[in-house]
Amino acid sequence: MTERTGVFPATGDTAFVETLAPFRVPRSAYIHVPFCRHRCGYCDFTLVAGRDDLIERYLSAMERELATLQTPRSVDTLFLGGGTPTHLAPAQLERFLELLRTWFDLARDAEFSVEANPRDLLESDRVNVLARLGVNRISLGVQSFDDTVLKRLERDHQADEVERVVEHLSRLIPNVALDLIFGVPGQTLESWRATLERAIALRPAHVSTYGLTFEKGTTFWTRRSKGELSPAPEDLEYEMYALAMDRLPAAGYGHYELSNFARPGRDCRHNETYWAGRPCFAFGPGAARYIAGVREIGHRSTTSWLAKVEAGESPVGYREELTAEDRAREALIVGLRRTRGVSRDEFARDHGFNLDELGRSAWDRLCQRGLIEATEGGYRLTRAGRFLADTVTVEFVGTT
Ligand code: SF4
């Protein structure tokens, strides 16, 4: 059974990793930066918009939260997400990256990623800071190369600014990933095709394509409830995803995960940590750490998180302890997101369960429906299954 408690009463510190077997010690860390200029209409991420007055307090609180590590940790991947990490002013960004470099020893070939808003990188100051402090991968929130779509998404940059930024990055941080969104209200298949073509023309290392979702609590959700905004028709959304699945591999991008495509050797190693069900440190509001089968998530309210850290209390707002079977099922569900699927041997080695027994009749049922196929050593989603991944994976939640 999964034990869930609303508020974690203990310290929430991470020093106990000392007691873990070496292969259970995280080799990855995620840092959440909860600041944006404004909140885009579709966004339900953990962030505060227009509250730059909190940034200095956040940086001081991060100093305290990171100190729970007690000693610097060696990592293979370090990922700053948000929010918008590049919303920090250059001097703040420099102080923050220096702090992170104090607590995390990057392995020689480590991947150090930062999510960025194109507009923040138009001037060179932040790019210079990022490069100087070892950032070697930028995940750029492009979303679309159609200004009408960008406006509909309430983004604050314009399409042609992305080309200038990528050109500038190519000299200092050439490993650039572009994030794109399809299924935006009013977006046509031709607009999506043109976005893919302009993305490919920039020769990024990596492209992510996400279908727009309407999340409760967002202004898009409210506008849809009032009939002011209509989601893209389902068949159009399918066509858009199908186009990405055809066009990007044809341009040399391997489709390695449901939403992700990369040039050879450029898969996002940090996200592989999640898809493989491996442990990860995490710090900041809303950040989810996963160590020794325990998931702890920082308070989603930035002000609550700040108040807790400043009071010397645990900033953990949610904690769940997964049984060995919970962990294995979760690993199976996220593992199926990878297009190579899950391997019987790897699964048994990493999670201690027999893949066939864990899925029982679901494997046959899904194979018969053409959504799953057997591979030499395991199972993977078929192309049809990729369109219905949520329907497929729900089959593996709990006993089947
Ligand atoms: S820039 Fe990104 S994180 Fe910030 S509000 Fe918009 S979608 Fe959300």
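Just a few scattered comments:
- Phi-based couplings in Hz for region 153-165 (Karplus 6.51, -1.76, 1.60; Gly and Pro marked x): 7, 6, 7, 9, 10, 10, 4, 5, 5, 5, 4, 5, 5
- Farthest toward positive dipole pole in region 8-275 [+1 Lys/Arg, -1 Asp/Glu at C-beta], among H255, T273, F96: F96
- Nonlocal amide H pairs with Y210, under 5 Å, H built at 1.01 Å: L180, I181, F182
- The chain, accessible area per residue, ligands and nucleic acids excluded (1.4 Å, Å²): 44
- Using only side-chain charges placed at the Cβ, +1 for Lys and Arg and -1 for Asp and Glu, the dipole size of region 279-330 relative to its Cα centre rounds to 120 debye.
- A rounded overall shape is assigned to the chain, the ratio a/c of its alpha-carbon gyration tensor axes (a ≥ b ≥ c) being less than 1.5.
- Farthest positive-ward along the chain dipole, Cα basis, beta-carbon charges - from G385, A67, T188: G385
- For region 49-133, the Cβ-based charge dipole about the Cα centre amounts to some 100 debye (Lys, Arg positive; Asp, Glu negative; other atoms uncharged).
- For the chain, size of Cβ-based charge dipole, Lys and Arg +1, Asp and Glu -1, in debye: 100
- Note, ³J(HN,Hα) from phi for region 327-339, Karplus 6.51, -1.76, 1.60, rounded to Hz, x at Gly and Pro: 4, 5, 5, 5, 5, 5, 5, 6, x, 5, 5, 6, 5
- Counted residue by residue at 0.36 nm each, then reduced by the alpha carbon distance between them, the extension gain from A384 to R51 reaches 115.5 nm.
- Our coupling estimate for region 194-209, obtained by passing each phi through the Karplus curve with A = 6.51, B = -1.76, C = 1.60 and θ = phi - 60°, is 5, 5, 4, 5, 5, 5, 4, 4, 7, 6, x, 6, 8, 9, 10, 10 Hz, Gly and Pro reported as x.
- Near R137, the amide H atoms lying under 5 Å from its own belong to F112, V114; only residues 5 or more places off or on other chains count, and H is placed 1.01 Å from N.
- The H on the amide N of E257, modeled in the peptide plane, is under 5 Å from the matching H of T339, each at least 5 residues off or on a different chain.
The values are calculated or read from the model by the stated rules, or taken from the named source; none is laboratory data. Model, not experiment: these values are computed from the prediction. FYI the Cβ positions are ideal-geometry reconstructions off the backbone, even for glycines, and counts take in every protein chain you see. Quick note on the areas: whole protein, heavy atoms, side chains included, nothing else; ligands and nucleic acids left out. Shrake-Rupley method; radii C 1.70, N 1.55, O 1.52, S 1.80 Å.
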